[in-house]
Amino acid sequence: MTVLSYVNPTADSPWGTYLSQVDRVTPYLGSLSRWAESLKRPKRALIVDVPIELDDGTVAHHEGYRVQHSLSRGPGKGGVRYHPDVTLEEVMALSAWMSIKNAAVNLPFGGAKGGIRVDPKKLSIKELERLTRRYTSEIGIIIGPQQDIPAPDVNTNAQVMAWMMDTYSMNTGSTSTGVVTGKPIHLGGSLGRVKATGRGVFVTGREAARRIGLELDGARVAVQGFGNVGSSAAELFGQAGAKIVAAQDHTGTIVNGRGFDLSQLIPHVRDTGGVAGFVGAEAAADEDFWDLPCEILIPAALEGQITADRARRIQAKLVLEGANGPTVPSADDILAERNILVVPDVICNAGGVTVSYFEWVQDFSSFFWTEDEINVRLDKIMIGALKKIWDTADRHQITLRTATFAVACERILTARQERGLYP
């Protein structure tokens, strides 16, 4: 394992998980493997102090990060998360997965990611704005429409992106809509962006179900994480005839073997902040979620959720990774042995960054597409990318995850090789 002095990964930690995924793909890279070490070292990692004045007049300090893993194929692209448990190692891993994800769907971006160690629920709206603006100013030296383009992630949204865009624009002296994606529509945002990640999960899930002969009509679906991604995917699976029989988030776990009424559950989550207390379901113990009978499991919360122990208990035939890094490497092996198909995060949830790419392109041209045009283009890219990955998996007899890495790393390292080393 490559040793970097500034992180201490374990086998199942985010960066440790990523490193083992790179090690698994190296035998399939041929002559490009001489460049594989560059995949294990982020190009640039910035740690910043984010001081803000709170509403009561005191000053609070928060750690902020922006990591650019690879810029060989284009400017950095990746979200910003606000979470009390954010670490440099986590942001490094997320930026590396963005490199893989962007290359897997052949977008002209490298991978980047950002984060602040903060619980945003404890901040007022004004404090949140001050935090966002200060963070943007601190990382402003490495972001830009042609350098690195942030986007929403855990606990950030269109409003946070609007503040980031405005702060960057104020500091550069001109309105720069292309510096972030996931913005409000009125500020150069794209139609279809909010539900794009969930839509990608559905499209890749539908194609995978077809491959293994799983009928979506009547299929039981369990969703972990009922935020933007999980709820959007649930909605689309529901429209295809599937039944959402279990949901779990930070507030608790709910089950209903006949399926939830999503027209009631989604507003309930929006109004109360979580699935707990929903009248159309029964509460269950959180750990029991992994034992529930279902055909499709969608982990759409945080990384490291499917451990080896949980992988032995999962009853689904298909796992669709809506979150980044939800399955640890030891669990991956167990799921493969149990013949449970995993559509990996680096292709499954790539719908969000694909529509972010559309938004970036629209901002540059100041010409905007309809939502139907965006969905058609998204579906075409996702289906085409998954087909190439599946062909690679079949050819080498490897998992979809290793195949996705093989396709993506070949593209990244070919660009690295052709650019050469400067100076």
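The values are calculated or read from the model by the stated rules, or taken from the named source; none is laboratory data. What you see is a predicted model, and the numbers here were worked out from it, not measured in a lab. We place every Cβ from the backbone using ideal geometry, glycine too, and count neighbours over all the protein chains shown. Only protein heavy atoms, including side chains, enter the accessible area calculation; ligands, DNA and RNA are left aside. Shrake-Rupley method; radii C 1.70, N 1.55, O 1.52, S 1.80 Å.
Things worth noting here:
- Some residue of the range 118-135 being of a type in the set (D, E, K, R) and open to solvent by less than 10 Å² (accessible area, probe 1.4 Å): no
- Evaluated against (1) surrounded by fewer than 19 Cβ atoms within 10 Å (Cβ to Cβ); (2) touching a Phe, Trp or Tyr at 6+ places or on another chain (Cβ under 8 Å), A281 falls short on exactly one condition, (1).
- Entry remark, the range 189-205: residues being over 14 Å from the mean Cα position of the chain (by Cα) and open to solvent by less than 10 Å² (accessible area, probe 1.4 Å) number 5 in total.
- Among the residues of the range 161-188, the one identified as open to solvent by 50 Å² or more (accessible area, probe 1.4 Å), touching a helix residue (DSSP H, G or I) at 6+ places or on another chain (Cβ under 8 Å) and among the β-branched types (V, I, T) is T175.
- Set side by side, the residues G257, G274, G252 differ, and just one is in contact with a His (Cβ under 8 Å, 6 or more places away or on another chain) and either β-branched (V, I, T) or surrounded by fewer than 23 Cβ atoms within 10 Å (Cβ to Cβ) (or both), which is G274.
- G238 open to solvent by 10 Å² or more (accessible area, probe 1.4 Å), in a helix (DSSP H, G or I) and modelled with pLDDT of 95 or more: yes
- Of all residues in the range 379-423, exactly one satisfies the criterion of being over 21 Å from V353 (Cβ atoms) and among the aromatic types (F, W, Y), namely Y422.
- Criterion applied to A415, A403 was being at pLDDT 95 or above and in contact with a helix residue (DSSP H, G or I) (Cβ under 7 Å, 6 or more places away or on another chain), and the one residue passing it is A403.
- Helices (runs of 4 or more DSSP H) contained in the range 309-423 and holding at least 3 residues open to solvent by less than 60 Å² (accessible area, probe 1.4 Å) and either touching a Pro at 6+ places or on another chain (Cβ under 6 Å) or within 21 Å of N106 (Cβ to Cβ) (or both): 345-348, 351-365, 371-396, 400-419
- Residue within the range 60-68 that is closer than 21 Å to V180 by Cβ, open to solvent by 40 Å² or more (accessible area, probe 1.4 Å) and more than 23 Å from the chain's Cα centre (by Cα) present: no
- Among the conditions (1) touching a residue at least 24 places away in the same chain (Cβ under 8 Å); (2) in contact with a strand residue (DSSP E or B) (Cβ under 9 Å, 6 or more places away or on another chain); (3) surrounded by fewer than 19 Cβ atoms within 10 Å (Cβ to Cβ), the only one that E295 does not satisfy is (3).
- For the range 344-386, filtering for residues that are without any contact (Cβ under 8 Å) to a residue 40 or more places away in the chain, charged (D, E, K, R) and out of contact with any helix residue (DSSP H, G or I) (no Cβ under 8 Å at 6 or more places or on another chain) leaves 3.
- Selection count where residues are open to solvent by 10 Å² or more (accessible area, probe 1.4 Å) and either in a strand (DSSP E or B) or touching a helix residue (DSSP H, G or I) at 6+ places or on another chain (Cβ under 8 Å) (or both), scope the range 84-96: 2
- Being open to solvent by less than 10 Å² (accessible area, probe 1.4 Å) and assigned to a helix (DSSP H, G or I) is a property that holds for S99.
- Matching residues in the range 1-58 - criterion: being modelled with pLDDT of 95 or more, among the small types (G, A, S) and over 20 Å from the mean Cα position of the chain (by Cα): S5, G30, S31, S33, A36, S38, G57
- Identity of the residue in the range 1-54, assigned to a loop (DSSP other than H, G, I, E, B), of a type in the set (S, T, Y) and without any contact (Cβ under 8 Å) to a residue 60 or more places away in the chain, that ends up least open to solvent (accessible area, probe 1.4 Å): T2
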